[in-house]
Amino acid sequence: MTTNDTSQPLHFVAVDPSLTSTGFAVFDADGKLIKCGSVKTVAKDDLDFRHKIIMQVFMGLFYEYPNCVLLIEAQFIQSWGGFSSNGVLKVTEVVGLIEGIYYAHCFANQFSFRRKSILPRLINKLIGLKTTLKRKELKEYTRQRIDYLYPKAKIPNQDAYDAIAIGIGGMMLWKRDRLLEKVKKVDKVEKVC
């Protein structure tokens, strides 16, 4: 059973998952950027220790912003620059850790699970970027657009920029989905009348 989620203000927690540097951004319901940063781990450290560091940060975020929607970058195999199957597995583990913490948090606090996974190409389209650009150009244009939208924000690194882009795209999709739900309810009412 879930509680009425309106008792706490709604926030969006956006995540760019990675084992070495997981970017995150927190937005209020109106899209104002509240906090951003990244969780860095050291490659030479034990994998369990690195996971623990990531878990602690996200446990803190979900505690601080209990009524939240989790927006997370969908994992796929990138065509540029090749990939390491081991790297893909490690990122998938990080996604599993964060989602597990989120689900446990929601269950313990009786909030509904609200998660949206977004493909990188869709994120780029939603923030107005051509998906035909090279990776370096995409990163630069993303930074420029985010700096324009949030001129006073202190954004520490590219991973935080990526999380903000995920948040912007995810909030757009989330709000679109809520509007479509309202339209479907109106359609049902009209059919009854």
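The table that follows gives values for the structure above.
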item	result
Solution diffusion estimate, µm²/s, Stokes-Einstein, the chain, Kirkwood Rh from C-alpha pairs, 37 °C, viscosity 0.692 mPa s	185
Rounded FRET efficiency, nearest 0.05, which uses the C-beta distance separating S117 from D46 and R0 of 25 Å	0.30
For the chain: accessible area per residue (Å², 1.4 Å)	59
Protection proxy ranking of 94-102, 143-151, 56-64 - average other beta-carbon atoms within 10 Å, highest first	94-102, 56-64, 143-151
Percent carbon-and-sulfur accessible area, the chain, ignoring ligands, DNA and RNA, probe 1.4 Å	58
Point-to-point label distance, S21-K134, nm (Cα→Cβ direction, 7 Å offset)	2.0
Helical mean residue ellipticity (222 nm; -39500 (n - 2.57) per DSSP H run of 4+; nearest 500) of the chain	-18000 deg cm²/dmol
Accessible area, probe 1.4 Å, largest first, for residues T142, T132	T132, T142
Pair-distance profile P(r), taking every C-alpha pair of segment 103-161, with 5 angstrom steps and integer %	4, 15, 20, 16, 13, 12, 11, 7, 2
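The values are calculated or read from the model by the stated rules, or taken from the named source; none is laboratory data. These numbers were taken from a predicted model, which means no experiment stands behind them. With ideal geometry, Cβ positions are generated from the backbone for all residues, glycine too; neighbour counts draw on all protein chains shown. Accessible surface areas use protein heavy atoms only, side chains included; no ligands, DNA or RNA. Shrake-Rupley method; radii C 1.70, N 1.55, O 1.52, S 1.80 Å.
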